[in-house]
Structures are given as C-alpha cells and as structure tokens.
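For reference, the structure discussed in these notes is given below.
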Amino acid sequence: MPSTGIDVEARIAGLGLTLGQAPRPVASYVPAVRVGTLLFISGQIPFREGRLIAQGAVPTDVSIESAKEAAAQCALNVLAAARDALAGDLNRIRRVVRLGVFVCSAPGFTDQPAVANGASDLLVRVFGDTGRHARAAVGSVALPLGATVEVEALFEVAPD
Amino acid sequence: MPSTGIDVEARIAGLGLTLGQAPRPVASYVPAVRVGTLLFISGQIPFREGRLIAQGAVPTDVSIESAKEAAAQCALNVLAAARDALAGDLNRIRRVVRLGVFVCSAPGFTDQPAVANGASDLLVRVFGDTGRHARAAVGSVALPLGATVEVEALFEVAPD
Amino acid sequence: MPSTGIDVEARIAGLGLTLGQAPRPVASYVPAVRVGTLLFISGQIPFREGRLIAQGAVPTDVSIESAKEAAAQCALNVLAAARDALAGDLNRIRRVVRLGVFVCSAPGFTDQPAVANGASDLLVRVFGDTGRHARAAVGSVALPLGATVEVEALFEVAPD
C-alpha cells in the first residue's frame, strides 16, 4: 500500500505527465543516496528526452513561464531518480521534505519563487498534502550546462 | 522543561527581540517540515511587520551592517516558523544543526560571513552553546522579492 | 574496524594526500554538528597551510583545472573537520551522503560539474564506493574571502 495512500505512478500518468529515464549524472556522483528513512536526490537540471528544455538566465534568455515549466521537468527528473533508488516503487515515499531550487537569474530578477513553483506545484499535484515541502529558492549566476534551473530534493521514505 | 535548559521565548524577550508572526510563504510550499527529530525550515527573507527591511546587493545597495541586521531578522523569522511547527513550544528545540545563508552580493563582495553572522550570532545569543551550528554562507546574484539575504535552517527537536 | 572496511587515514596517506588542521571557521559557527548518525560539515573553502589556493571566478580569474584542485582541497578540509568532530577517527564514517558545491562563476561559465568533480573524485578515491554521494553543484557570483569554491558535506557515521 502506498505510504501516502496515493499510487504515485498512476497519479503521474493521470496528470498527463511522463517519467522518463533518470538522467545520468553529468559527473562523478550518484543520483540518490539513502540514509535511514531519508533519501537525498542530487540536483537535477531540465533534461527531457536527452536535451535541456531551457538554457540561460531569467528573464533575459528565458521567460518566467518557460523557466517554470523547466522547474517542473526538474521535479519529474527528481522523481525518476527517486524511483531508481527505490527499486521502482515511488509509493515508498512518505513525504517530500525539502527542495533546494537554484534559478539562473539576470541581476535584478527577483521572482525566483514563481519559477520554483513549477517544481513545487508539480509535487503537490502528484502527492497531495504529503507533497508539501520546505524550500529554499535562490538566484544563481550560472548553472551546469547552462541550465535555467536546478532542483535538489530530500524525501522521507518507508524503511526497508 | 526546555530541551536545552533555556526558556527560549523568555530569552528572546530578555534580549529585547520580538518574534512576529511567521511570514507566509511567497509560494506553494510550507514554512517547515518535520521528519523524525529533524525540523527543516524554509528559506526566510527579512520581513519585519510585513515589509522587507533590506533589498538589493551588498555593498552597492545595502551596507554590511544593514545586511547583518537583515540576516538577524531572517533568523527571527526562522524561529517564528519553527514555533508554529512546534505547536508554539520553541523549548522543544534541542540543537540548531545547520544554516544555509544566501547573501545578495555585488561581484567582488566577499564578506558573506560577516553578513551571515547576523543570523548566527542571534541564534547563539538565544540558545547558548546549543545554538552553535554548521553553516554554508554564499553569495547570490539575486534573491526572492529583491531580498538582501535568505536563511534556511535545520533544527534537532525533541520527539513527540 | 572501519565502518567501510577501509582505513581512511591510511588511504589518504597512500594517495599522497595530507590532511592539515581543520581551518577555523571564519565566523561565529562551528565546523561540524552531529545529530544521530548524521554529521553536517560547514562550508569549507580551499585553505591550504593557512592561505587560499584559489580566489576569483572561473574561468576569468582561475582555470577549470586550478578550480578543480581547489575543490579537492575543500574536500580535504571537509575531512579534517569531520576528523575533529569524530574524536580523530575517520573510520567512523559509513557513507558520504551529500555535497553542496558552490563555484564562483563568471556569467556564462557552465562547467560547474567539472570543478565539483575535484571534490567528488577525491572522496571516491578515499572511500571507494561508500564515497559516492548525492550532489548539488551551482554557480555563485561571489564567495567568502574571494574563494573560488566552497564545499559543504553530510556524512553518515557510526553511532557512539
């Protein structure tokens, strides 16, 4: 039975969303590490089908709306990484605990929360109230591979 | 009995400080999430009585001293959020574990530690030795609503 | 017996690396806080024998190669701080859980992963598979004391 009473994969499909393969790390680390009931997910950038869907700073290179969609893609990639770490069973997630959201920002851009909501809203749509999380959203001068947004995450999961 | 042997609200009042209402999140997340004995607090910006007390980059828009005061306000807002999450009882805090401090910085500004000390010093004044924490303080090109500083926190709390 | 089956100090020496004294915090916080089996290490900058080995932004002031070496030094300083927190016994480390890596970046620099690998690779060389960690690597407009890179860390450690 799902920890949250929600079948997560069914919910994702019902929302018309698709979980692809978890992106491979672009460096020498791993996508996820579990310690006890805490599952740490590495920072994800908005890969979709092998390419970044948004590159550059908001709002000069990328609109807020496009950046928000990119943040949602990051959240999907977070879920794909979590699924791999949980032997395919996203229903073991009990709670979304924390997101760290970094938004590539032109100087003077101050609506990082609107962009980060792309990730937060997606997780609440998928998990309901157990998707509500603590969050830090900040601007960044530059992100890996020119990504517009990067999202890292912490989940509480059911013990083995 | 307080976990730290200190009555936290009394200490706050004794220092001449005021805990206001916890600021409402500016987006679709929650101010705090507890998992076991860990309490994660969302990034707080320097709201005081409904308005930001510092906006813009250090040192071009805001002096180090004003930014330090803003960081202290962020720490107060962290405590207000923690109080709400702990059913009003800050005495359940056992330890301040970690702060993440983001300082809106002009290029070449490198005294983020001095600014972040505004938050760190306040927590040590309130909690004494149990207020001493691990910390990451970094510069940010831009922060939500133009805030000069953002502080997120992790506490250890007594179990239910 | 080491938690990981590896004698960590011997491995460090065997790699030709040197753990110096843990740098003193440049502000009012502490280098490490342990809560249960989690050990949080404060952000470390690339001090070696009392001075920073890299200052300024990549790639304008510092090359990627030099920044990568600086990240490795940050990782060594993380280990020095962990050693102090573990009463000198790095063998109590069970797992490297997470790194947060901040790279001082010129606008348009997007190879933060290459720089962060300096820290990640060092930890994998020291710990083997238990050194593999979750990671967030992002660009920062400016870092404390002009450091080129800052690395914070989370370890799982054996209980007392």
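Just so it is clear, none of the values below were taken in a lab; they were calculated from the coordinates. All figures in this text were calculated on a predicted structure; none of them were measured in a lab. Glycine also receives a Cβ, built like all others from the backbone with ideal geometry; neighbour counts cover every protein chain displayed.
Sorted from nearest, the other copies put their B:Asp129 label points 4.1, 4.1 nm away, the label point being 7 Å from Cα in the direction of Cβ.
Scanning chain A for the Cβ atom closest to the axis that brings A onto B yields residue and whole-Å distance A:Val141, 3.
Taking label positions 7 Å along the Cα-Cβ direction at both B:Leu145 and A:Gln21, the computed distance is 4.4 nm, reported to one decimal. Per-residue 3J(HN,Hα) values for the range B:144-158, derived from phi via the Karplus relation 6.51 cos²θ - 1.76 cosθ + 1.60 with θ = phi - 60°, read x, 6, x, 4, 7, 8, 9, 10, 10, 8, 10, 10, 9, 10, 5 Hz in sequence order (x marks Gly and Pro). The modelled label-to-label distance between C:Asp89 and A:Asp7, using points 7 Å beyond Cα along the C-beta direction, is 4.9 nm. Whole-Hz Karplus values for the range A:42-49 come out as 4, x, 10, 10, x, 6, 9, 6 Hz, taken residue by residue from phi with 6.51 cos²θ - 1.76 cosθ + 1.60 and θ = phi - 60°; glycine and proline positions read x. Over chain B, dividing the summed -39,500 (n - 2.57) contributions of all DSSP H runs of at least 4 residues by the number of residues returns a 222 nm mean residue ellipticity of -9000 deg cm²/dmol. The other copies place their B:Asp160 label points at 2.7, 2.7 nm from this one, listed shortest first, where each point is 7 Å from Cα along Cα→Cβ. Placing a label point 7 Å from Cα along the Cα-to-Cβ axis, C:Leu17 is separated from the same position in the other copies by 3.7, 3.7 nm, shortest listed first. Charge dipole (Cα centre; +1 on Lys/Arg Cβ, -1 on Asp/Glu Cβ; no other charges) of the protein assembly as shown amounts to roughly 560 debye.
Between helix A:64-85 and chain A there is an angle of about 30 degrees, using the helix long axis and the longest principal axis of the Cα atoms.
Peptide B:113-121 shows a mean partner chain C-beta count of 4 within 10 Å per residue C-beta. Computed from point charges on the beta carbon alone (+1 for Lys and Arg, -1 for Asp and Glu), the dipole magnitude for the range C:8-157 about its Cα centre is near 380 Debye.
Expressed in Å, the radius of gyration and Dmax of the Cα atoms of the range B:8-157 are 14.2, 43.
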